[in-house]
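Let me begin by presenting the structure, written as structure tokens, before commenting on it.
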Amino acid sequence: MKNLIFSGIQPTGSLHLGNYLGAIKQWTKLQHEHESIFCIVDYHAITVAYDPKKLPGRISDVALDLLACGIDPSKSTLFVQSQVPEHTELGWIFNTLTPIAELERMTQYKDKSKQHKENINAGLFTYPVLQAADVLLYKANLIPVGEDQVQHVELMRVIAKKFNKTFGKLFPEPKPLLTEQARVMSLADPAKKMSKSLGEKHYIALADSDEVIKKKVRSAVTATSHGDTSPGVENLFAILEALGGEALVKELKAQHKKGSLQYSELKDVVANTIISHLSPIRERRAELEKERERVGEILIEGAKTAQKIARDTMEEVRKKIGVR
Ligand code: TYM
């Protein structure tokens, strides 16, 4: 079977180091090895309170970030979910196949409904069903994501199996593809995963200046509550390793074991490594920013390519479920 890569990202403003190390870094590699489709999932982003005036800017910001990171529109398809309405059509059909009990188990739903108590809507609940439609519409089988999305990919398999069993084989059962650094933790609270919703000091944005990166890494929590392993220190080592500093990590870990490692020294190394990776991305982004219209064109082209596949799949789906 031919491999097809699909992954998605929400347009929630500028991307952070967790998105980069958990997902995007491997997207840029995979696009050279397999047919790849990457989607900016705006219909997922509206399941929490948002400002409709800011959404278009956020969509093009994420597109710019992805292009600056190295997503190459001549190698892969990049598009916006709402421009291919087949996603929501298939999502509806999948709703009728998805057991509520499966959705109730989803940790992202549980977390988000705690975070957004005033707005626990049905879209937030069925979010993973639309995500299954995103992937299966293209019959994608490999899904490069961070660890927090593995449960959603497992649900895709449940839905694909149920569809195939009920209506006849049509969909593959997708598998997650994880990087070694599939769970980057918050700098300020290393018990939680890095995410924008925690606040500024918890994450490093791809757009952060060198000074801001230094400041955030310097104030990262390293204190050990008990024993000699601190999740904060482990996280810094993990970030360093993911950015290619394997030899450095080995050396610093040996020092750490002997008790001679100064955390300020570790932080300087980590900050400088992050800076050397992010500053070229920031520079490319500034260049791309000058031709924002071009980004719009790329997204329209991407949607055309995606929709060709989506239309064919929906023809098959409609026939199989008996509405044609
Ligand atoms: P989103 O927008 O929250 O995150 C995009 C990608 O970044 C990864 N990620 C992380 N990886 C490691 N450490 C972290 N701290 C971290 N934070 C985020 C996420 O795992 C994700 O891979 N539901 C998805 C979007 C989506 C999707 C899809 C993904 C919609 N349809 C179809 C794959 C296939 C989401 O909210 O990602």
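The values are calculated or read from the model by the stated rules, or taken from the named source; none is laboratory data. Model, not experiment: these values are computed from the prediction. Quick reminder, even Gly has a Cβ in these numbers, built from the backbone with ideal geometry, and neighbours come from all protein chains shown. Please note that ligands, DNA and RNA were not included when accessible areas were found on the heavy atoms of the full protein model with its side chains. Shrake-Rupley method; radii C 1.70, N 1.55, O 1.52, S 1.80 Å.
Keeping to the range 269-318, report how many residues are more than 30 Å from ALA160 (Cβ to Cβ) and of a type in the set (Asp, Glu).
Number of matching residues: 6.
Hey, any hits in the range 58-73 for a residue that's surrounded by fewer than 20 Cβ atoms within 10 Å (Cβ to Cβ) and without any contact (Cβ under 8 Å) to a residue 40 or more places away in the chain?
No, the range 58-73 contains no residue that is surrounded by fewer than 20 Cβ atoms within 10 Å (Cβ to Cβ) and without any contact (Cβ under 8 Å) to a residue 40 or more places away in the chain.
If the Cβ limit is 7 Å and pairs must be 6+ apart or interchain, which residue in the range 258-286 that is of a type in the set (S, T, N, Q) pairs with which residue that is outside any helix (DSSP H, G or I)?
Going by the 7 Å Cβ cut-off, the qualifying pairs are THR273/LEU243; THR273/GLY245.
Return the only residue of ALA207, ALA140 being open to solvent by 20 Å² or more (accessible area, probe 1.4 Å) and in contact (Cβ under 8 Å) with a residue 40 or more places away in the chain.
One residue alone meets the criteria, ALA207.
Could you check HIS202 against (1) open to solvent by 30 Å² or more (accessible area, probe 1.4 Å); (2) in contact with a Leu (Cβ under 9 Å, 6 or more places away or on another chain); (3) not assigned by TED's automatic domain parsing to the domain that holds GLN307 and say which number it fails?
Going through the list (1) open to solvent by 30 Å² or more (accessible area, probe 1.4 Å); (2) in contact with a Leu (Cβ under 9 Å, 6 or more places away or on another chain); (3) not assigned by TED's automatic domain parsing to the domain that holds GLN307, HIS202 breaks only (1).
Mind listing whichever residues of the range 242-284 are in a loop (DSSP other than H, G, I, E, B), in contact with a Leu (Cβ under 8 Å, 6 or more places away or on another chain) and within 26 Å of ALA207 (Cβ to Cβ)?
LEU243
Kindly indicate whether any position in the range 13-22 is part of a helix (DSSP H, G or I), in the same structural domain as GLU301 (by TED's automatic domain parsing), within 12 Å of the ligand (Cβ to nearest atom) and of a type in the set (Ser, Thr, Tyr).
Among the residues of the range 13-22, at least one is part of a helix (DSSP H, G or I), in the same structural domain as GLU301 (by TED's automatic domain parsing), within 12 Å of the ligand (Cβ to nearest atom) and of a type in the set (Ser, Thr, Tyr), which makes the answer yes.
Looking at the range 103-117 only, could you name the residues that are without any contact (Cβ under 8 Å) to a residue 60 or more places away in the chain and surrounded by fewer than 16 Cβ atoms within 10 Å (Cβ to Cβ)?
If the condition is that a residue be without any contact (Cβ under 8 Å) to a residue 60 or more places away in the chain and surrounded by fewer than 16 Cβ atoms within 10 Å (Cβ to Cβ), then GLU104, ARG105, THR107, GLN108, LYS110, ASP111, SER113, LYS114, LYS117 are the ones that fit.
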